[in-house]
There are 2 protein chains.
Amino acid sequence: MVSRRNAILAAGSVTVAGAAAVALSRSGPEHAMAGPGDAVEFYGAHQAGITTPAQDRLHFVAFDVITDDRAKLVQMLRDWTAAAARMTAGRDAGLLGAVEGQPEAPPDDTGEALGLPPSALTITVGFGPSLFAKFGLADRKPKAMADLPRFPGDTIKPEISGGDLCIQACANDPQVAVHAVRNLARIGFGVVSVRYSQLGFGRTSSTSTAQATPRNLMGFKDGTRNLKLEDGAELLDKHLWVQPDDGPQWMVGGSYLVSRRIRMIIETWDRTPLAEQETIFGRTKGEGAPMGKAKEFDEPDLSLMPEEAHVRLAHPSSNGDARLLRRGYNFVDGSDGLGRLDAGLFFLAYQRDPHKQFVPVQRSLARADVLNEYIRHTSSGLWAVPPGVKGPEDFWGSALFA
Amino acid sequence: MVSRRNAILAAGSVTVAGAAAVALSRSGPEHAMAGPGDAVEFYGAHQAGITTPAQDRLHFVAFDVITDDRAKLVQMLRDWTAAAARMTAGRDAGLLGAVEGQPEAPPDDTGEALGLPPSALTITVGFGPSLFAKFGLADRKPKAMADLPRFPGDTIKPEISGGDLCIQACANDPQVAVHAVRNLARIGFGVVSVRYSQLGFGRTSSTSTAQATPRNLMGFKDGTRNLKLEDGAELLDKHLWVQPDDGPQWMVGGSYLVSRRIRMIIETWDRTPLAEQETIFGRTKGEGAPMGKAKEFDEPDLSLMPEEAHVRLAHPSSNGDARLLRRGYNFVDGSDGLGRLDAGLFFLAYQRDPHKQFVPVQRSLARADVLNEYIRHTSSGLWAVPPGVKGPEDFWGSALFA
């Protein structure tokens, strides 16, 4: 396990981010399971933080670009990439101390993760629809980035929706995830401004068969039938990664992320009888077995469930074989001023084409799901997540801005 | 390690909370260090969650009492105590399934912690000043619960301050802490209402010499010279626990908690040179050594520091030997609408008398601390934390309501 250096780099002892990153590059299965404190490989064909076994904690942030200068934005993406390569390897974002000749320069790292292990940190970047209206990028906007429709019951707040750029930082130590977001925000000073930010304290999905299925705040196991790392290239190419025929070329090997902040009215849910809760989900609460079956991973028999059961409505066979790689997190954002906890699920789902995957599934759910009585979608985002960074000379979005 | 049962209790298989709790009672040093997933003893002379080695995660919640019925409040405190004894032992708050004859009753446990270990969960209860204005408790209000003064620079928001009751839930798994608060709120339905709630993602203090000193979001080690479990009975009796001569009798063995939400203007801090940051704190950033010394735990020489250095202003020798047991947590509550993260320190400090300890220290800091340029106190609470629950027949506040 690589440890963050625990001393201040003195003036002059500059480490070259690229060289350090190369030295750390490892062969082996991309983004595979490791210890909870270990480093996850940053470089690869796909960005880490998608099929990477879901880490325990999330810090997600959306930014607005506040400059008109395309060169400044590109330079920031280069700087972000270099800092992310360092931080995911368990290093600092930059120097803690002053650089020779610049004693008044602020530190290049904010310091709160000193001494902490890499903690499986991944930093995943996405581009929002509004970015393509700027910087002459209009003709590069993917068709898949067409606006999501308004779904019945949506209560989306614009101020915590959309954005030009997003960062999904996941780690097994929340201090490491917060440190990553905060340092990227610091590097982006004058170029981007934080639009909204969401902490997730506990994962609600597994993205690897090596992980136990966690529970959402309704008390149910979530994402039992999620797309997973072990599903293999054929299935992941079909459902997850943008293929050459899909276009545009700069997105090949990338994926599309839908983010939805789903507030749960947990106080009402908590006054619902168990049998009713289980009928609404279509699974048992304790074991998580599909209705009429015994075990969590038993194949669901949809004919044994009410037509409005959540599992039935969301099942691929009800939605043209649409599958998602879900990577959501439980959140509690204080209380709502009405005596209730402001809690729920920050839903994150990756897919090859949101209009063929998330949209039909969410249409089914929004129309008929009995769960809607207990949830409110309050934030929505759609993000083009470009392919992985190929090596130290490459950077996030290099093909988009080429 | 005790594991939460992972199956639904069928109708009729009622477990008696008290009996289960007794069976789990263990001898040995109270609230001592154990594995991160283990259970912490609930019963004792003092409440757990004070000298207990600080767990990694926090969910703090303040409640308003919404009933005039004293008997209902006392019954809720009894029910809370029984549920807390179960949950801290790694059990559910109650039955997940229906009770025989009441198939429509909602579950007594919300389910999201099923299968998770105890995770060192502690649940600590405090009574706010406003509670003593109700239920005929005025003559039982401790002198130490006199209102805190307004400090220079305070920007306290009333809606996230005060409250009749508080719960501090700490655990090494945030899902376990959130589950505890949520189930106590559920049990309190109709009696109390959530006033505000605060998640803390990372501890900023050690309360045991067995723990490494963590870092706050300014990147500095915090609480190096904190009161700790190992300081021994004499020192803890002097600074932490209410003594028989202090009165009132119902508080003997208890302590007073001051809660302050301290927003940090981290974006401004991040543009301050390292040398200036270190001068402001009076410690080095990397090692955490007092100015002019080499190692974190070296005795500070205050004469080597500027008069306004944070460490010097807060030092016991500057404040009539006032010491605190600090148990604060880093937080990020999204962003502030101005492009900045809403981040900082949720300060929690236990003491024998806040007017002789927190107040003089905070007066020194509020008057002269250069750190004030970078922080805002936005929430304030003062809590009488009663002594521990003696056994299954006892409950939180039994002596207050006797």
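Values quoted throughout were computed directly from the atomic coordinates according to the rules given, and no laboratory measurement underlies them. This structure is a prediction, so every number in the text was calculated from the model and none was measured. Note that each Cβ is placed from the backbone with ideal geometry, even for glycine, and that neighbours are counted across all protein chains shown.
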- Query: From the label point of residue B:367, set 7 Å from Cα along Cα→Cβ, how far away are the matching label points in the other copies, in nm, ordered shortest to longest?
  - Reply: 7.1
- Query: Put +1 on the Cβ of each Lys and Arg and -1 on the Cβ of each Asp and Glu in chain B; which of B:286, B:42, B:357 then has its Cα farthest toward the positive end of the dipole?
  - Reply: B:357
- Message: Whole-Hz ³J(HN,Hα) for each residue in the range B:49-58, computed from phi via Karplus 6.51 cos²θ - 1.76 cosθ + 1.60 with θ = phi - 60°, x for glycine and proline: what do you get?
- Response: x, 10, 7, 3, x, 4, 6, 6, 10, 10
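Please state, to two decimals, what the Cα-based radius of gyration of the protein assembly as shown comes to when divided by 2.2 N^0.38 Å (N = residues). Walk me through the numbers before you get to the answer.
Details: Rg = 26.4 Å, N = 804, 2.2 N^0.38 = 28.0 Å.
Normalised Rg, Cα atoms only: 0.94.
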- Item | Principal-axis tilt of helix A:174-187 within chain A, Cα atoms, nearest 10 degrees | 50 degrees
- Unit charges on C-beta of K, R, D, E only; dipole of chain A, Debye: 220 debye
- Length gain on complete extension for the stretch residue A:104 to residue A:212, per 0.36 nm per residue less the alpha carbon to alpha carbon distance? 33.9 nm
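By its C-alpha gyration tensor, with a ≥ b ≥ c as the square roots of the eigenvalues, how is the range B:146-258 shaped: rounded for a/c under 1.5, else prolate for a/b larger than b/c, else oblate? Intermediate values should be presented prior to the final figure.
Working: a/c = 1.37, a/b = 1.14, b/c = 1.20.
Taking the square roots of the gyration eigenvalues as a ≥ b ≥ c, the range B:146-258 is rounded.
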- Picking from A:85, A:297, B:80, whose Cα lies most toward the positive end of the charge dipole for the protein assembly as shown (charges on Cβ: Lys, Arg +1; Asp, Glu -1)? B:80
- Task: In Å³ and rounded to a whole number, note down the convex hull volume per residue for the Cα atoms of the range A:4-385.
- Result: 146 Å³
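Calculated FRET efficiency, residue A:189 and residue B:376, Cβ-Cβ r, R0 30 Å, to nearest 0.05?
Working: r = 21 Å, r/R0 = 0.68.
Between residue A:189 and residue B:376 the formula returns 0.90.
Mind checking the dipole of the protein assembly as shown: about its Cα centre, +1 per Lys or Arg Cβ, -1 per Asp or Glu Cβ, Debye to the nearest 20? Don't jump to the answer; show the numbers that get you there.
Details: 86 positive and 94 negative charges, 79 e Å.
For this selection, approximately 380 debye.
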- Helix B:70-88 sits off the longest principal axis of the Cα atoms of chain B, rounded to the nearest 10 on a 0 to 90 degree scale, by 80 degrees
- Item | Extension gain (nm, one decimal) between residue A:137 and residue A:299, 0.36 nm per residue minus Cα-Cα | 53.8 nm
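Any idea what the relative contact order of chain A is, in percent, if you count C-alpha pairs under 8 Å spaced at least 6 apart?
That works out to 24 percent.
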- Positive end of the charge dipole of the protein assembly as shown (Lys, Arg +1 and Asp, Glu -1 on Cβ, about the Cα centre): tell me which of B:374, A:151, A:175 has its Cα farthest that way. A:151
- Item | Coordinate range along principal axes, alpha carbons of the range A:88-198, Å, largest first | 53, 33, 23
- Message: Using only the Cα atoms of the range A:234-330, what semi-axes does the equivalent ellipsoid have when each is the square root of 5 times a gyration tensor eigenvalue? Give whole Å, largest first.
- Response: 32, 18, 11
- Per-residue ellipticity at 222 nm attributable to helices in the protein assembly as shown (runs of n ≥ 4 DSSP H, -39500 (n - 2.57) apiece, nearest 500 deg cm²/dmol) works out to -5500 deg cm²/dmol
- Range in chain B, longest, excluding exposed trypsin sites (Lys or Arg not before Pro) [loop by DSSP; at most 14 other beta-carbon atoms within 10 Å]: B:151-270
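Let me confirm one metric for peptide A:209-217, namely the mean number of other chain beta-carbon atoms within 10 Å of its residues' beta-carbons. The partial results should precede the final answer.
Details: counts 0, 0, 0, 1, 1, 4, 9, 2, 7.
Neighbouring Cβ atoms belonging to other protein chains average 3 per residue here.
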